[in-house]
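The values are calculated or read from the model by the stated rules, or taken from the named source; none is laboratory data. Worth saying up front: this structure is predicted, and the values here are computed from it rather than measured. Quick reminder, even Gly has a Cβ in these numbers, built from the backbone with ideal geometry, and neighbours come from all protein chains shown. Accessible surface is based on the protein model in full, side chains and every heavy atom, while ligands, DNA and RNA are left aside. Shrake-Rupley method; radii C 1.70, N 1.55, O 1.52, S 1.80 Å.
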Amino acid sequence: MGVRRLLLTVVLGCSLSASAQYNPWVIGLHASSTSLYTNTVLSLGEVFVNNLIANKMDGVTSYHFTVYNYHDLKMESPEGDVRVKRNTFYGLTAFDLFNDFEVGLKFGWHELTSPFGAYLYATYGMNQYKIEFPEDTGYKRHELQNIRIGAEFELTPLVDNLPDGGVSPILSVKTSYIKNFKYTGPEGFDLDMVNNGFRSTFAAGVTYGEDGCYAAMLFLDIVHYNIFKNLRTRDMNIGLRLGVKLFDD
């Protein structure tokens, strides 16, 4: 598939050869961000590289694009609420653009005729937080760099409807373990100030078109642990993502 055809396919939809037989194994890059602009750049790079790999393997490239994301963040100390600044999906500051992104590898299996799919991930990630404690006079930046190891399971219960262009619900659950290896804060670089833990994404929606080449899913992304020690944390993202599968001729 040429570059021009690939660009048109990403924008307009699947190619016309979806009824062919394809390798169910998936290997390639995985990239995402809670910034519209960073996510767009990362996703386009991801789909170009993965399409090249899929062409060699006679596989399918799945492309996911987040069109809306709301970040809900709250922290409490033993002394009471702590002011935190949320990064915003449409923001253009460095804090918004280079926040909560991950880049790495993806490996998995999903046969087009099977209702089940499974994927493994290994990525590098970075998070930034701007926090103001009661004794502070303004927000102070805290940066965490980490390794994220995760697994995702996908269910398409009415997959038999899809070869003829029908519709099926689609559900997915992804859980990752986040291991911080570097922390930079106003008081230095002490990793003992932060915790490691699990983070999960739950998504539900519909997939439709020939062989399920389109998808639209609502997602809820939840951090299950307190990011900083002695700070009770609620950190989640709620959003909408669209998907398209690219089939090579």
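Please verify whether Leu52 is surrounded by fewer than 20 Cβ atoms within 10 Å (Cβ to Cβ), closer than 25 Å to Glu102 by Cα and modelled with pLDDT under 90, treating the condition exactly as stated.
On the way: surrounded by fewer than 20 Cβ atoms within 10 Å (Cβ to Cβ): yes; closer than 25 Å to Glu102 by Cα: yes; modelled with pLDDT under 90: yes.
Taking the combined requirement at face value, the residue satisfies it.
Please list, ordered by first then second residue, the pairs with beta carbon atoms under 7 Å, 6 or more apart or interchain, first in the range 175-204 and free of Cβ contacts under 8 Å to residues at least 12 places away in the same chain, second surrounded by 17 or more Cβ atoms within 10 Å (Cβ to Cβ). The qualifying pairs are Phe189/Tyr183; Asp190/Tyr183; Leu191/Asn180; Leu191/Tyr183.
Step by step: first the residues of the range 127-146, then only those that are among the charged types (D, E, K, R), under 20 Å from Glu76 (Cβ atoms) and in a strand (DSSP E or B), then the one that is least open to solvent (accessible area, probe 1.4 Å). Which residue is that? Step through it out loud before you land on a result.
Start the filter on the range 127-146 by keeping residues that are among the charged types (D, E, K, R), which leaves 130, 132, 135-136, 140-141, 143.
Filter once more, so that each one left must be under 20 Å from Glu76 (Cβ atoms): 130, 132, 135-136, 140-141.
With the extra rule that they be in a strand (DSSP E or B), the set shrinks to 130, 132, 140-141.
Working: Lys130: 56, Glu132: 29, Lys140: 74, Arg141: 110 Å².
Among those residues, the one meeting the criterion is Glu132.
One residue stands out in the range 147-174 among those that are modelled with pLDDT of 95 or more and open to solvent by 70 Å² or more (accessible area, probe 1.4 Å): the one that is farthest from Asp211 (Cα to Cα), namely Ile147.
Of all residues in the range 88-132, exactly one satisfies the criterion of being free of Cβ contacts under 8 Å to residues at least 24 places away in the same chain and in contact with a helix residue (DSSP H, G or I) (Cβ under 9 Å, 6 or more places away or on another chain), namely Thr88. When the range 147-176 is filtered for residues that are part of a strand (DSSP E or B), over 15 Å from Val223 (Cα atoms) and of a type outside the set (A, V, I, L, M, F, W, C), the ones remaining, listed by number, are Glu152, Glu154, Ser168, Pro169, Ser172.
Quick grid of which residues meet (1) among the acidic types (Asp, Glu); (2) over 28 Å from Glu187 (Cβ atoms):
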position: Tyr63; (1), (2): no, yes
position: Met75; (1), (2): no, no
position: Glu79; (1), (2): yes, no
position: Tyr90; (1), (2): no, yes
position: Ala94; (1), (2): no, no
position: Trp109; (1), (2): no, yes
position: Phe133; (1), (2): no, no
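The selection criterion, being within 15 Å of the chain's Cα centre (by Cα), within 25 Å of Gly125 (Cβ to Cβ), at pLDDT below 90 and of a type in the set (A, V, I, L, M), holds for Val47. Contact annotation: residue pairs with Cβ atoms under 8 Å, 6 or more positions apart or on different chains, pairing a residue in the range 62-87 that is within 13 Å of Thr233 (Cα to Cα) with a partner that is part of a strand (DSSP E or B) and at pLDDT below 85, are Lys74/Asp81; Met75/Asp81.
Here's the yes/no breakdown for (1) within 16 Å of the chain's Cα centre (by Cα); (2) under 29 Å from Pro157 (Cβ atoms); (3) buried (at least 20 other Cβ atoms within 10 Å of the Cβ):
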{"residue": "Arg83", "(1), (2), (3)": "no, no, no"}
{"residue": "Phe89", "(1), (2), (3)": "yes, no, yes"}
{"residue": "Ala94", "(1), (2), (3)": "no, no, no"}
{"residue": "Gly104", "(1), (2), (3)": "yes, no, no"}
{"residue": "Thr113", "(1), (2), (3)": "no, yes, no"}
{"residue": "Phe116", "(1), (2), (3)": "no, yes, no"}
